[in-house]
């Protein structure tokens, strides 16, 4: 299996990359390549132009500034999974990174590439949503931010516009994250999530108890937040009974994916099970 | 004298240095000057008439040397079916090199591009235009045999390839009527994809001056390939073809067969006048290489209240796919129906197998081949009897075991004249239960159930048939195999004392270059490193049938042993001459021939080899050189057996199965290299467990394979397994002088049933008695959920 | 496109198509055929090599992405005819049967041991998730990685 022929450019700067995207409307961006090259080999994607972001310096970093965790788009899963800072500040993201693919994939694959690819069964999207991350995007002559909540728009579809490049992922660390976790049922062949659940608990303001965020991947056309569950648990103690009761509403308004691994009923059940497991793990610290 | 202990020694494999350094030459590594690359266009439809194929655009593409369709090879015969179900009519339909006007499964080859490099070949595939007339599709064998189903082949009414039976149906039915309990169960043995990590491939070169072909191919049996290609497909003298299997990256049965592509590449090499290489992609491997298993079985088992089984009646639909692979009909008949007595004395057995064509990929032998299916039926039956009678499953097995004194045992005639050679089935069961801590486990299980945890223990006390040979039994007059099934070996001791073994066996992971050398080292008293084992090239090795069915030690190894006896005898006679002693007074032992009572009057094997080679001073009637060939055709097969125990925990929330422990006590007869046998057993267990829990090929109703990549088809990973706990008993096979039985398939044959029995044991409190494989979380959760719903 | 890649210590420049996969560059351009191809989907790991010190599936990397980089393949492990301890361990522990997955398996094992010099069984099994073996059932491979860890620790201690 061999990709169809394409032209290739490896710009050294973001501006150069943006210019290339303007010039080649059907260009595809190559980050770690762990998803794109696979689909190109199967000729499910046949871009005429590939713009490789791998030569642009300064897009791989993890740092904390002013109450925000900043992660460069070209930071690899391995760098995230082995970052003490991420484990400490946003454990759900580290747990998601650690469970992606395998060593080799984690060594190459990047957070920006994964989020922009928006595979419905990828691991990061759940953590990104539950952590209320923000995508920083550079486009022709401007920069904008896209909150996680509006980032995923469909199957392999995001709010990124043609000509834009995702450059950074921001995770707000205030209010303080008390606990977070990512739990997943792995597909035995692909390693993707049959269902993945990320839960984040933040300190509530002025003694109002905790704020709860719960998001799922693998279950629907794109990752989603279970807002009814979040509302039901807001300010509540995260106990098994409370969680179980709240999880009954986890799939409200969401159409479950169906495939060989899980039909809709089973998937909805897994959403409840893994959602509860992620919440309880987050609640445990 | 250290060399005398090689039989039974866990020495390091001699084939490994080239493999761990990347030096080995696998098929993909072969490059010949001027070599071209072929890529095959495969049918997008499962059932269709091909109205037209337009190749001109592809032919004009850059780097393309030629584009061909089936019409370009109309002079070649369809591939042969070399093993047909014995004693019944087989409605045979086999592939052509490229199909010409009709396809019966998605993935059948219909055109080929030959280009300067593989990139250009693959690019050009997209430029070939095909007009299909889609025909109605049937993928389910039960639907395929119903009136009105789409018909795949004119000569196979109702899509039936063959209808085969064994045993005494009337007596079995009568015994079932008289039984205290009768259990009926439908069992689905799902379709599997063998998935060697190396897919298939071939390279061919044609020499116009002599009209000779050399074909490298990923084959477990190069001699058979040459025979079938030259005599059946090409219609040329066998002497015009040389077949070489290079280093083979795993096979598990899928590389036994003659495939269209091997013939195609040879034909192309002649057509284009340059060497041609074809490498299968993984996707092609999944759609166009053979699959395994795929049975729907209705089982009826009758027993007395004390658990004694009185009758077993089995009716099986075997899905053979859209067209027949080389030995497809033989697998669900001889290797399945004839093994349905299992390890038990069952007085009445009856089996009917209907082989069915459907619009799916070819199905043929996959590791275990028929015997895992039989073991699954029998071992599930034992558990169903235990469940119904309320007896312990271990006890039910004990009550039905063939006792040690009953060997050789004839399983009421269903083996068509063969008998189980030797066994002590209870011994392996006792040992396995002891390792498992059976009584303690049952207590733990009862406690766990109180806490809402679902632990289960499953048994599989199997027997299998290996060393498949007796030509007179397996051959056309008997079981329908279209030739003999003996094995060959030549042993030569060169002037320098170095030993060259050539064998018709074909090693693709089994370690023959080590184990056969161990046999030589012991018998001739030479260091293992002085022995080289050559195989896999029709030039320079004696005709042999190759490696499959766990036959290479029990048949091929014995052929080596026989040649060694001839060499030892000649060495003794030569030594007697040189030492001026009577032949009867000369003993050959530990690499030396000496005069009895005078151990100093001796010649080493090296001295004797030198004398035999130079030929200066030989007895009057003796030919120079130690060079002996043997063809070993055993009097019987061998019957390895054992007891496997699997312990699982089922998570009722998700339906996930976790294997907590896996214990295997096997008896494969005498063991040449324990480390290698352990490896065979472990690998086999992994494959069998994978069938129980993860693997399954799935077609949609249009005949498209939904599990066509490794992202969909769950080949197990390292983290899926616990550490397997192994032990062995040794019951030598009386069939052959080495006492070996065969170890390549035991793990696969035994383990599937052990795992399923364990999961059913775990789910027993929920009232679940049977679920079909693979036991995915989804399937288990649905069963649990259904029970809970019903209970509400 | 021109690429310059240092493979097993040897630097070479070649003109390649952008779509050339790193594994084909190694196998077909450099003739280093120890790195194998077992799937189309970056699932099996038979093609694992190290690129700039990181284990990667070379069927899922373009040669142009490796431009200016350093590649280590199975052929580069043995030094002066002396097998690498991981190679020795695979041999001694019977960590291979057909041997097709072995070069990739060894290269991943190397990365595991670089990150966990004394790995637990769990770490090894988890670490090998991206490498499929159909022959061994993995047990002897796990044994080999553990044995290699001991050998490498002994070597490091001996220096």
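Only the coordinates and a few stated rules stand behind these numbers; no lab work does. Every value quoted in this text rests on a predicted model; they were computed, and no experiment measured them. Please note: Cβ atoms are built from the backbone with ideal geometry, for glycine as well, and neighbour counts cover all protein chains shown.
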Subject >> MRE, 222 nm, helices only [DSSP H, n ≥ 4, -39500 (n - 2.57), over chain C, to nearest 500] >> reply: -9500 deg cm²/dmol
Subject >> Pairwise FRET efficiency - residue B:453 versus residue A:244, Cβ, R0 = 25 Å, nearest 0.05 >> reply: 0.85
Original post:
Helix C:139-158 versus the longest principal axis of chain C: what angle, 0 to 90°, nearest 10, using Cα atoms?
Top reply: 90
**OP:** Could you tell me the largest-minus-smallest coordinate of the C-alpha atoms of the range A:1-129 on each of the three principal axes, in descending order and whole angstroms?
**Re:** 44, 31, 23
Original post:
How many angstrom lie between the C-alpha centres of the range B:499-524 and the range C:23-57?
Top reply: 32
Original post:
What is the Å³ per residue value for the convex hull set by the Cα atoms of chain C?
Top reply: 109
**OP:** Could you check what % of the DSSP bridge pairs in the range B:124-269 are antiparallel, to the nearest 5?
**Re:** 60
**OP:** Please work out how much length the chain gains when fully extended from residue B:434 to residue B:180, using 0.36 nm per residue of separation minus the C-alpha to C-alpha distance, in nm with one decimal.
**Re:** 88.3 nm
Original post:
From the square roots a ≥ b ≥ c of the eigenvalues of the alpha-carbon gyration tensor of the range B:372-515, which class results: rounded (a/c under 1.5), prolate (a/b over b/c), or oblate?
Top reply: prolate
**OP:** Take the alpha carbon gyration tensor of chain B, find the square roots of its eigenvalues, order them as a ≥ b ≥ c, and report rounded if a/c is under 1.5; if not, report prolate when a/b exceeds b/c, else oblate.
**Re:** oblate
Original post:
Among rounded, prolate and oblate, which fits the range C:72-159 when a ≥ b ≥ c are the square roots of the eigenvalues of its C-alpha gyration tensor, a/c under 1.5 means rounded, and a/b larger than b/c means prolate?
Top reply: oblate
Original post:
What's the average, rounded to a whole number, of partner chain beta-carbon atoms within 10 Å of each residue's beta-carbon in A:181-192?
Top reply: 4
Original post:
Among the DSSP beta bridges whose two residues both lie in the range C:1-110, what percent are antiparallel, rounded to the nearest 5?
Top reply: 90
**OP:** Find the all-direction average of the projected area of the Cα convex hull for the range B:736-792, expressing the result in square nanometres with one decimal place.
**Re:** 5.1
Subject >> Efficiency of FRET between residue A:42 and residue C:154 - r from beta-carbon atoms, R0 41 angstrom, step 0.05 >> reply: 0.35
Subject >> Packing rank of A:243-250, B:377-384, where each peptide gets the mean count of other beta carbons within 10 Å, highest leading >> reply: B:377-384, A:243-250
**OP:** Mind jotting down the distance between the C-alpha centroids of the range B:386-454 and the range B:158-211, whole Å?
**Re:** 26
Subject >> Nitroxide proxy distance, nm - points 7 Å out along Cα→Cβ at residue C:28 and residue B:566 >> reply: 4.8
**OP:** Go ahead and estimate [θ] at 222 nm for chain A from helices alone: -39,500 (n - 2.57) per DSSP H run with n ≥ 4, summed, over the residue count, rounded to 500.
**Re:** -8500 deg cm²/dmol
Original post:
To the nearest 0.05, what FRET efficiency results for residue B:534 and residue C:6 with a Förster distance of 51 Å applied to their C-beta separation?
Top reply: 0.85
**OP:** Report relative contact order for the range B:416-517 in percent, whole number only (criteria: Cα-Cα under 8 Å, sequence separation at least 6).
**Re:** 12
Original post:
How do B:662, A:61, B:132, B:632 line up, fewest other C-beta atoms within 10 Å first?
Top reply: A:61, B:132, B:632, B:662
Subject >> Spherically averaged projected area in nm², based on the convex hull that wraps the Cα atoms of the protein assembly as shown >> reply: 51.0
Subject >> Percent RCO, i.e. relative contact order, over chain B, from Cα pairs under 8 Å lying at least 6 residues apart >> reply: 16
**OP:** Give me the distance between the Cα centres of the range B:326-348 and the range B:743-792, rounded to whole Å.
**Re:** 24
**OP:** Quote to one decimal, in nm, the extra length available between residue A:87 and residue A:15 on full extension: 0.36 nm per residue of separation minus the C-alpha distance between them.
**Re:** 22.7 nm
**OP:** Evaluate the relative contact order of the range C:21-103 (contact order divided by residue number), counting alpha-carbon pairs under 8 angstrom at least 6 apart; express in whole percent.
**Re:** 31
Subject >> In nm, spacing of pseudo-spin labels at residue B:88 and residue B:169 (7 Å Cα→C-beta vector) >> reply: 0.9
Original post:
So how much slack lies between residue B:585 and residue B:10, counting 0.36 nm per residue of separation and subtracting their Cα-Cα distance, in nm?
Top reply: 203.5 nm
**OP:** Provide the percentage of antiparallel DSSP beta bridges, counting only those with both residues in the range B:436-540; round to the nearest 5.
**Re:** 50
Original post:
Once every DSSP H run of n ≥ 4 in chain B is given -39500 (n - 2.57) and the sum is divided by its residues, what mean residue ellipticity at 222 nm do you get, rounded to the nearest 500 deg cm²/dmol?
Top reply: -8000 deg cm²/dmol
